[in-house]
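**Q** What follows is a single structure, and I will ask about it in a moment.
The values are calculated or read from the model by the stated rules, or taken from the named source; none is laboratory data. Just so you know, these numbers come straight off a predicted model, no measurement behind them. Cβ sites come from the backbone with ideal geometry, for glycine too, and all protein chains shown count toward neighbours.
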Ligand code: F1P
């Protein structure tokens, strides 16, 4: 079996054990208190590639729940000092492998600016784990070049953390985690029923946190299946990008609460232009709650799509051309 497919499929069961063994005990760990103490009016979120998409998604959720300012930057912009000078803030740096050059350089720069850095990774022996002020090493094993389950597990953990800090009731996380196996199977069935050979262009639409999810969805399809894929904040798609719509385009819309009418009209418009449109969310083609907390499950359909499209095109998702697991400069 493809290693990437194995790691995508692991989520069917691993999300549950990870939630029980790690996520719900997270608030009792020292690092949790440290983060809570250092939170101030503005926090930074930094990463590259999928880890940047993770940073973007989380920055929106921190802002929403904690009502503080949260800015996300690609690590390269911080590493080469292309952002305004920032002093004394808390910065979350994301790198699955913990050795991506720009993230390590960003860590050095931020520490020089008297920022405190939280190094989020799954590799205990990585440089990020050693060089950040507060290493946060997740107990996740992921070896494929393409980042899949670790994105969702880290997202789940940090959204749970923010809600716990804010004193919110966190019971719906358990319901979502319990639904993960069924959601995976429904996603698989939905994608399997599509004649993927027909589509040459994938589009992912979502708002706020779900825009980050859409960017990550597009990246998965590019990396695994080498298909032209792009993502936009849902209604932005009508402002130019829809010029490329035809019958070779498959569009996924991440549904958001309170947007049923607009989403329905958008779907009708895009279908009238020839596209196939599938909705992820309440009453959608792949049903799931519309709450922001469901973000940690919402890349799964695209992870499956990327794999299945690669398979149907005779491409190995385990060996994406030109990509390395860790990018070093
Ligand atoms: C970042 C990253 C991956 C991407 C690719 C290259 O890695 O951009 O997201 O899939 O393999 O590296 P990391 O800093 O999270 O280890």
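**Q** Being within 16 Å of the ligand (Cβ to nearest atom), touching a strand residue (DSSP E or B) at 6+ places or on another chain (Cβ under 7 Å) and not assigned by TED's automatic domain parsing to the domain that holds residue 176 is true for just one of 70, 55. Which residue is that? Steps first, answer last, please.
**A** Numbers: 70 fails: within 16 Å of the ligand (Cβ to nearest atom).
The conditions single out 55.
A quick yes/no check of all residues on (1) outside the structural domain of residue 214 (by TED's automatic domain parsing); (2) farther than 30 Å from residue 174 by Cα; (3) in a helix (DSSP H, G or I):
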{"position": "251", "(1), (2), (3)": "no, no, no"}
{"position": "258", "(1), (2), (3)": "no, no, no"}
{"position": "274", "(1), (2), (3)": "no, yes, no"}
{"position": "284", "(1), (2), (3)": "no, no, no"}
{"position": "301", "(1), (2), (3)": "no, no, yes"}
{"position": "307", "(1), (2), (3)": "no, no, yes"}
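**Q** Residue check: is residue 107 within 14 Å of the ligand (Cβ to nearest atom) and assigned to a loop (DSSP other than H, G, I, E, B)?
**A** Values: within 14 Å of the ligand (Cβ to nearest atom): yes; assigned to a loop (DSSP other than H, G, I, E, B): no.
In short, no.
**Q** Output the residue which, of all residues in the stretch 7-47 that are surrounded by fewer than 21 Cβ atoms within 10 Å (Cβ to Cβ) and outside any helix (DSSP H, G or I), is farthest from the ligand (Cβ to nearest atom).
**A** Taking the candidates together, the pick is 41.
**Q** A further question on this structure: The conditions are (1) in the same structural domain as residue 38 (by TED's automatic domain parsing); (2) within 24 Å of residue 252 (Cβ to Cβ); (3) surrounded by fewer than 21 Cβ atoms within 10 Å (Cβ to Cβ), and residue 142 fails exactly one of them. Which is it?
**A** Of everything listed in (1) in the same structural domain as residue 38 (by TED's automatic domain parsing); (2) within 24 Å of residue 252 (Cβ to Cβ); (3) surrounded by fewer than 21 Cβ atoms within 10 Å (Cβ to Cβ), residue 142 misses just condition (3).
**Q** Does residue 57 satisfy the criteria of being in contact with a helix residue (DSSP H, G or I) (Cβ under 9 Å, 6 or more places away or on another chain), part of a helix (DSSP H, G or I) and either free of Cβ contacts under 8 Å to residues at least 12 places away in the same chain or under 27 Å from residue 302 (Cβ atoms) (or both)? Full working, then the answer.
**A** Numbers: in contact with a helix residue (DSSP H, G or I) (Cβ under 9 Å, 6 or more places away or on another chain): yes; part of a helix (DSSP H, G or I): yes; either free of Cβ contacts under 8 Å to residues at least 12 places away in the same chain or under 27 Å from residue 302 (Cβ atoms) (or both): yes.
So residue 57 passes the test.
**Q** Turning to a different aspect of this structure: In this structure, is residue 203 touching a strand residue (DSSP E or B) at 6+ places or on another chain (Cβ under 6 Å), within 17 Å of residue 305 (Cα to Cα) and surrounded by 24 or more Cβ atoms within 10 Å (Cβ to Cβ)?
**A** Numbers: touching a strand residue (DSSP E or B) at 6+ places or on another chain (Cβ under 6 Å): yes; within 17 Å of residue 305 (Cα to Cα): yes; surrounded by 24 or more Cβ atoms within 10 Å (Cβ to Cβ): yes.
Yes; evaluated as a whole, the condition is true for this residue.
**Q** Test residue 128 against the stated conditions and say whether it is assigned by TED's automatic domain parsing to the domain that holds residue 22, in contact with a helix residue (DSSP H, G or I) (Cβ under 7 Å, 6 or more places away or on another chain) and near the ligand (Cβ under 9 Å from one of its atoms).
**A** Values: assigned by TED's automatic domain parsing to the domain that holds residue 22: yes; in contact with a helix residue (DSSP H, G or I) (Cβ under 7 Å, 6 or more places away or on another chain): yes; near the ligand (Cβ under 9 Å from one of its atoms): yes.
Yes, satisfied.
**Q** Listed residues 120, 83; which is within 11 Å of the ligand (Cβ to nearest atom), within 26 Å of residue 208 (Cβ to Cβ), in contact with a helix residue (DSSP H, G or I) (Cβ under 7 Å, 6 or more places away or on another chain) and in the same structural domain as residue 151 (by TED's automatic domain parsing)? Walk me through it before giving the result.
**A** Working: 83 fails: within 11 Å of the ligand (Cβ to nearest atom).
Among 120, 83, only 120 is within 11 Å of the ligand (Cβ to nearest atom), within 26 Å of residue 208 (Cβ to Cβ), in contact with a helix residue (DSSP H, G or I) (Cβ under 7 Å, 6 or more places away or on another chain) and in the same structural domain as residue 151 (by TED's automatic domain parsing).
**Q** How many residues are touching a residue at least 40 places away in the same chain (Cβ under 8 Å) and farther than 19 Å from residue 187 by Cα when one looks only at the stretch 247-265?
**A** Start the filter on the stretch 247-265 by keeping residues that are touching a residue at least 40 places away in the same chain (Cβ under 8 Å), which leaves 247-254, 256, 259.
Then keep just the ones that are farther than 19 Å from residue 187 by Cα; that gives 247-248, 259.
Residues in the stretch 247-265 being touching a residue at least 40 places away in the same chain (Cβ under 8 Å) and farther than 19 Å from residue 187 by Cα: 3 in total.
**Q** While we're on this one: Does residue 216 count as in contact with a helix residue (DSSP H, G or I) (Cβ under 6 Å, 6 or more places away or on another chain), within 16 Å of the ligand (Cβ to nearest atom) and either more than 25 Å from residue 57 (Cα to Cα) or touching a residue at least 60 places away in the same chain (Cβ under 8 Å) (or both)?
**A** yes
**Q** Any idea which of (1) in a helix (DSSP H, G or I); (2) free of Cβ contacts under 8 Å to residues at least 60 places away in the same chain; (3) not assigned by TED's automatic domain parsing to the domain that holds residue 296 is the one residue 154 doesn't satisfy?
**A** The one condition residue 154 does not meet is (2).
**Q** Moving on. Tell me, please, whether a residue that is within 17 Å of the chain's Cα centre (by Cα), without any contact (Cβ under 8 Å) to a residue 12 or more places away in the chain and assigned to a helix (DSSP H, G or I) can be found in the stretch 65-81. Don't jump to the end; show me each part of the working.
**A** At the first step, the residues of the stretch 65-81 found to be within 17 Å of the chain's Cα centre (by Cα) are 70-75.
From what is left, the residues that are without any contact (Cβ under 8 Å) to a residue 12 or more places away in the chain are none.
The answer is no, given that none of the residues of the stretch 65-81 is within 17 Å of the chain's Cα centre (by Cα), without any contact (Cβ under 8 Å) to a residue 12 or more places away in the chain and assigned to a helix (DSSP H, G or I).
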